[in-house]
Amino acid sequence: MADKARQRKRLRKLYDLHAWVGFQLAAVMFVILATGTIATVSNELDWLVFEQMRASQKPKEVKEQTAASWRNMYASIAERYPEGRITTLGTMGSDYFSYRARVAFEAKSDRYVHVDQWTYEVTGDIPLLTIQRFFRDLHRYLFMPAMPGLPIVTAFAFILLISVFTGLKTTRNWKVALWRLRLAQGTRVFLSDLHKVFGLWGLWFSTLIIITGIWYLFEFSARVAGFSLEPPAPKVEHVTAVKDVNMLSVKRFESAFKKAQLAIPNWTITTVQLPRADTALLRFQGMSTNPLLRDRAHKVYMDPTTLEVLAVQQPENMAWGNYLNEHADPLHFGYFAGITSKLIWFVFGLALTGLSFTGVMMTYKRTKSKSITGAQLATLPIFCLSAFYFYFWLARYT
């Protein structure tokens, strides 16, 4: 009897901790979870808003993009915007998206320029401030600088870990809870059942978000300590001629692309980054056979003047930290399998966000508290900082 009493007391403490964390820190947690969920499909939302991002139908005879097609897209943008300087050109991950270039102008702000990869027609330009950028920066930094924004957001991975652990320890008969939704026994019972269904079915997803969130904090902490998980780019000694409007001619762009293709076996180039500084390099990024790696896991660095390949990065020559780091974004945001994985991540993101909401409603139903608690007040400075820095964040894009 004494052992059972101690066990009930321990479970009660865990339940109280679960309820306290979920209720007191709900506002910040809800914002982080909701914005992260929207961020998974934010490019698709931009696709709906900006017709410039919509590609024409892929021809049946076209199997892949070639150096010639990249050359044609590059040429179309350079011809359409002779006063601008192309700084990046790349795919957006799916065939229904047009390719995107970032073009810098002396007289106005940079713009995203979109070009149809099948017809090579420039479909137009859009501002850098998009739905994707808004939700990605709000989710990752709360509009703050990396310090303190990123540590604040990623620290909530530990809060989510506490919530998941205490929730599992205090859930009885989980095999029944997986399926049970009692609709006729009042709001509080229904919310409790819904909370457990969301939590149990989404356990794999919550675990994944916790692991990647903690990894982001580790990555940032290492960088602050002066240890980057990514190797530095090679340095070039001589000064290049990047001050020209478009540094690479169309012909040299195609030559550079072909050399980069040959530098890594069996890879697909997804992004070309042109130099923006006098001693910067021409960089190619892409994908190989592992879809769970970021496209920046494969890189080719090239001298923009001589077109000499200076360095190659691929999984075979990565340090373990660098290799693990390249898995973080695809797993966290679920874009490794196109729209299919994005929608799965979106649905489970909604469920995880719903956990925060239903948890708050359950606690409110139990306590009937309408006053703001001290712990809730303690989170207000986070929102104040976010609102303060939002002004400066917005100024960068307007």
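Would the range 256-270 turn up any residue that is closer than 30 Å to residue 33 by Cα and at pLDDT below 95?
Narrowing the range 256-270 to residues closer than 30 Å to residue 33 by Cα: 270.
From what is left, the residues that are at pLDDT below 95 are none.
No - not one qualifying residue is present in the range 256-270.
If a residue has to be closer than 17 Å to residue 161 by Cβ and open to solvent by 40 Å² or more (accessible area, probe 1.4 Å) to count, how many in the range 200-209 make the cut?
As a first pass, look at the range 200-209 and keep what is closer than 17 Å to residue 161 by Cβ: 200, 202-209.
Adding the requirement that they be open to solvent by 40 Å² or more (accessible area, probe 1.4 Å) leaves 203-204, 207.
Residues that pass the stated criteria total 3.
Can you tell me which residues in the range 327-356 are free of Cβ contacts under 8 Å to residues at least 40 places away in the same chain and small (Gly, Ala, Ser)?
Scanning the range 327-356 gives a single hit, 341.
Any residue that is under 30 Å from residue 205 (Cα atoms), among the small types (Gly, Ala, Ser) and without any contact (Cβ under 8 Å) to a residue 40 or more places away in the chain - is there at least one of those in the range 168-177? Explain how you work it out, then say what you get.
Here is the first cut: in the range 168-177, the residues under 30 Å from residue 205 (Cα atoms) are 168-177.
Right, trim to among the small types (Gly, Ala, Ser) and you get 177.
Still in the list and also without any contact (Cβ under 8 Å) to a residue 40 or more places away in the chain: 177.
Yes, that holds for at least one residue.
Quick check: is even one residue across the range 102-113 under 13 Å from residue 32 (Cα atoms) and basic (Lys, Arg)?
So the first thing to find is which residues in the range 102-113 are under 13 Å from residue 32 (Cα atoms), and the list is none.
Looking through the range 102-113, none of the residues is under 13 Å from residue 32 (Cα atoms) and basic (Lys, Arg).
If you check 3, 16, 116, which single one turns out to be surrounded by 16 or more Cβ atoms within 10 Å (Cβ to Cβ) and of a type in the set (D, E, K, R)? Spell out how you get there, then give the answer.
Details: 3 fails: surrounded by 16 or more Cβ atoms within 10 Å (Cβ to Cβ); 16 fails: surrounded by 16 or more Cβ atoms within 10 Å (Cβ to Cβ).
So the residue among 3, 16, 116 that is surrounded by 16 or more Cβ atoms within 10 Å (Cβ to Cβ) and of a type in the set (D, E, K, R) is 116.
Being touching a residue at least 12 places away in the same chain (Cβ under 8 Å), touching a Phe, Trp or Tyr at 6+ places or on another chain (Cβ under 6 Å) and among the small types (Gly, Ala, Ser), is that true of even one residue in the range 34-46?
yes
Let me confirm something: among 164, 197, 153, which residue is within 30 Å of residue 315 (Cβ to Cβ), open to solvent by less than 40 Å² (accessible area, probe 1.4 Å), at pLDDT 90 or above and not acidic (Asp, Glu)? Let's see the steps before the verdict.
Numbers: 164 fails: within 30 Å of residue 315 (Cβ to Cβ); 197 fails: within 30 Å of residue 315 (Cβ to Cβ).
After ruling out the rest, the residue left standing is 153.
What pairs can you find where one residue is in the range 124-139 and under 15 Å from residue 41 (Cα atoms), the other is β-branched (Val, Ile, Thr), and their Cβ atoms are less than 7 Å apart, with a gap of 6+ or different chains?
Sorted first by the residue in the range 124-139, then by its partner, the pairs are 131/49; 135/35; 135/38; 138/35; 139/32; 139/35.
Which pairs have Cβ atoms under 9 Å, sit 6 or more apart or on different chains, and link a residue in the range 188-204 that is touching a residue at least 40 places away in the same chain (Cβ under 8 Å) to one that is open to solvent by 60 Å² or more (accessible area, probe 1.4 Å) and not hydrophobic (A, V, I, L, M, F, W, C)?
Going by the 9 Å Cβ cut-off, the qualifying pairs are 188/365; 188/366; 191/365; 192/182.
What number of residues within the range 34-74 are open to solvent by 30 Å² or more (accessible area, probe 1.4 Å) and not β-branched (Val, Ile, Thr)?
Of all residues in the range 34-74, those open to solvent by 30 Å² or more (accessible area, probe 1.4 Å) come to 38, 43, 45, 47-52, 54, 56-66, 68, 71-72.
In the following step, the residues that additionally are not β-branched (Val, Ile, Thr) were identified as 43, 45, 47-48, 50-52, 54, 56-61, 63-65, 68, 71-72.
Matching residues across the range 34-74 total 20.
In the range 88-107, what residues are touching a Lys or Arg at 6+ places or on another chain (Cβ under 8 Å), more than 21 Å from residue 340 (Cβ to Cβ) and modelled with pLDDT under 95?
Listed by number, the residues that qualify are 104, 105.
For residue 37, state whether it is under 28 Å from residue 330 (Cβ atoms) and modelled with pLDDT of 95 or more. Spell out the reasoning first.
On the way: under 28 Å from residue 330 (Cβ atoms): yes; modelled with pLDDT of 95 or more: yes.
The answer is yes for residue 37.
What number of residues within the range 180-194 are open to solvent by 40 Å² or more (accessible area, probe 1.4 Å) and within 21 Å of residue 345 (Cα to Cα)?
0
Report, by residue number, each residue of the range 89-113 that is open to solvent by 40 Å² or more (accessible area, probe 1.4 Å) and within 19 Å of residue 54 (Cα to Cα).
First, pick out the residues of the range 89-113 that are open to solvent by 40 Å² or more (accessible area, probe 1.4 Å): 91, 93, 95-96, 102, 106-109, 111.
Those that are open to solvent by 40 Å² or more (accessible area, probe 1.4 Å) and within 19 Å of residue 54 (Cα to Cα): 91, 93, 95, 96, 102, 111.
Of the residues in the range 266-275, how many are buried (at least 16 other Cβ atoms within 10 Å of the Cβ) and assigned to a loop (DSSP other than H, G, I, E, B)?
Our first condition is that a residue be buried (at least 16 other Cβ atoms within 10 Å of the Cβ); within the range 266-275, this holds for 267, 269-275.
Of the ones still in play, those that are also assigned to a loop (DSSP other than H, G, I, E, B) are 267, 274-275.
Qualifying residue count for the region: 3.
The values are calculated or read from the model by the stated rules, or taken from the named source; none is laboratory data. Bear in mind that the values here come from a model prediction, so they are computed numbers and not experimental data. Cβ: placed from backbone, ideal geometry, glycine included. Neighbour counts: every protein chain shown. In case anyone asks, the SASA skips ligands and DNA or RNA and just uses the protein heavy atoms, side chains included. Shrake-Rupley method; radii C 1.70, N 1.55, O 1.52, S 1.80 Å.
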